[in-house]
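Some notes on the structure that comes next.
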Amino acid sequence: MVSIRQQAMCARHTLAFLAAFATCVILPGLATFHGTASASPAQGVSQPPAGASSSDRLGDQSKIEIIRYVSGEFAKAVLSLPRGGDAFTYRVDKPLDTARLHDMVRTHGASVNSGDKVQITRLTFDARRIVVEINGGGGRHFHFRDHLQVGMGGATNPVGTNSHPGEGLGATLVLDYGRPLPEMTPDQLKQQLSPILDFAGESSATVAWIDTVAPEFKKDIQAHEAAVGMDEQMVIAALGRPEHKVRERDPDGNDTEDWIYGDPPAKTTFVTFASGKVIRVKEFND
C-alpha cells in the first residue's frame, strides 16, 4: 500500500512537472542556457545553412563546458568598454569596428579601461549570438521582490528596496556569428574574445575551484551528473543553470527548491535542494 508520504511526494513532483510545462508554454522563447538574452530564439530561429548538419551546431554539453570554463573567468581588457544597457555587438568573422567601440565609450562613458582586470559574470546563448556580461553587465536585471507588495486593509507596501548598488555599471558584449551557433570549445570562445579580452596570464578560477572539490563530486561533475550532497555551484558546473526553478514546502514543512532541466514531455531532470544542498535527483522520461 502506498503511504501518505509517498502520495504527497508523487503529487509534489507532478505539480512541479506541470509548473515547468506551464512555464514552457507561456514563455516559449526562454533560452536553454540563459540569463537575459536581448532576443529570444522564439522570435525567429533561422534554419542552418544548406549542407550544415545538427552536429555542426553548438550542443548542450558544449554550452555546459563553456559556462564552466569561461563564465567566472578573469581577463585583462585590451580596449576600453562602454557601460550602460547598450551592448557592443561585433561579428566574429569580421574585423573589429574599433571606431564604433570608441564612439560608444565617449557617449556612455567607460565601464572598464584598457589594462583593467575584469571578470566574465554571465553568458547567454541565443540562436546566432553569445551575450557576454562583464563585471555584472551593463543592463539592469529583473528582481522579483521589487515587484511584490504586501499589506492589510487596502494599504500595501513594497517588499523590495529597488536599490541595487553597482548594478548596470558593467559592460555587455554580443558576439554575432551570423548563423546558428557553431560547435566550439571554451578556448575557442576565449580566442574569439581576444581582440577585446586577454585571458593569457590570468589564472583559471574554474580550474582552481574544481581542484578543491571532493573526489566523488568531481567525478560526477566531469560526467555531467548531479548528486545528493552537492551545493548549487557544483550542480551548475555539472549541468549548467536550470531552465526553471520551483520553490515549495515539503510534507514535513521544510522549504525546498527544484531545479528543472529539460522541457516536458522530453526527458526532464529534477534536482531538489534544501538548505543549499541537493537532497534528491529524479529523472522523468517521455
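The values are calculated or read from the model by the stated rules, or taken from the named source; none is laboratory data. If you're wondering where the values come from, they're calculated on a predicted model, not measured in any experiment. Note: ideal-geometry Cβ built from the backbone for every residue, glycine included; neighbour counts use all protein chains shown.
Go through (1) assigned to a loop (DSSP other than H, G, I, E, B); (2) within 14 Å of the chain's Cα centre (by Cα); (3) of a type in the set (D, E, K, R) one by one and return the number of the condition residue 93 breaks.
(2)
Out of 240, 229, 201, I need the residue that is within 23 Å of residue 117 (Cβ to Cβ) and in contact with a Lys or Arg (Cβ under 8 Å, 6 or more places away or on another chain). Which one?
None of the other options fit; the residue is 201.
Condition check ((1) under 25 Å from residue 62 (Cβ atoms); (2) assigned to a helix (DSSP H, G or I); (3) out of contact with any helix residue (DSSP H, G or I) (no Cβ under 6 Å at 6 or more places or on another chain); (4) not aliphatic (A, V, I, L, M)) across all residues:
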position	(1), (2), (3), (4)
226	yes, no, no, no
246	no, no, no, no
280	no, no, yes, yes
283	yes, no, yes, yes
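Go over the candidates 71, 111 one by one and state the one that is surrounded by 21 or more Cβ atoms within 10 Å (Cβ to Cβ), touching a strand residue (DSSP E or B) at 6+ places or on another chain (Cβ under 8 Å) and closer than 18 Å to residue 192 by Cβ.
Every option except 71 fails the conditions.
Being modelled with pLDDT under 90, more than 27 Å from residue 263 (Cβ to Cβ) and either of a type in the set (Val, Ile, Thr) or in a loop (DSSP other than H, G, I, E, B) (or both) is true for just one of 115, 51, 139, 151. Which residue is that?
51
Check whether at least one residue in the range 248-258 is within 22 Å of the chain's Cα centre (by Cα), not assigned by TED's automatic domain parsing to the domain that holds residue 65 and not acidic (Asp, Glu), and report yes or no.
yes
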